[in-house]
1. Please pull out the direction-averaged projected area of the chain, using the convex hull of its alpha-carbon atoms, in nm² to one decimal place.
2. With θ set to phi - 60°, apply the Karplus curve 6.51 cos²θ - 1.76 cosθ + 1.60 along region 69-86 and write out the HN-Hα couplings as whole Hz, x wherever there is a Gly or Pro.
3. Probe of 1.4 angstrom, ligands and nucleic acids ignored: what's the accessible area per residue over the chain, in square angstrom?
4. With all protein chains present and a 1.4 Å probe, how do Ile67, Ile45, Ile53 order by accessible area, largest first?
5. Can you compute the helix-only [θ] at 222 nm over the chain? Use -39500 (n - 2.57) per DSSP H run of at least 4 residues, normalise by all residues, nearest 500 deg cm²/dmol.
6. Counting only protein heavy atoms and using a 1.4 Å probe, what share of the accessible area of region 17-89 belongs to carbon plus sulfur, as a whole percent?
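The values are calculated or read from the model by the stated rules, or taken from the named source; none is laboratory data. Because the structure is predicted, anything quoted here is derived from the model rather than measured. Note: areas computed on protein heavy atoms with side chains; ligands, DNA, RNA excluded. Shrake-Rupley method; radii C 1.70, N 1.55, O 1.52, S 1.80 Å.
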Amino acid sequence: MIGVALTFSIACFGLGLLLNIYRIVNAPTVGDRILALDTMVINAIALLALFGILEGTAVYFEASMIIAMTGFISTVSYTRYLLRGDIIE
């Protein structure tokens, strides 16, 4: 039963990733693209966590933490670049 639930949730988050890619391509403003990229990182983290539960290993949880830190830094740096023109002052 847990395998069916994990498969369903992986499919749902995979669909969410596809919809994020659509939003990145067809977004009206740059801010919408930044939000879509941030949401894409969150969906990737969820997929890694679910795959880690499915496989029963802790390696995927560590990888999801690394992706979370990288996604946070990239979102902050990209918005800072848009607002100020440079990342490091």
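1. On the way: hull surface 25.5 nm².
Averaging across all directions leaves 6.4 nm² for the Cα convex hull.
2. 5, 5, x, 5, 5, 5, 5, 5, 5, 5, 5, 5, 5, 5, 7, 10, x, 8
3. Numbers: 6240 Å² over 89 residues.
Averaged over the residues of the chain, the accessible area is 70 Å².
4. Working: Ile67 65, Ile45 45, Ile53 95 Å².
Result, largest first: Ile53, Ile67, Ile45.
5. Details: 3 runs with 76 residues, N = 89.
Computed ellipticity for the chain at 222 nm equals -30500 deg cm²/dmol.
6. Details: 3640 of 5090 Å².
In region 17-89, the share of accessible area belonging to carbon and sulfur is 72 percent.
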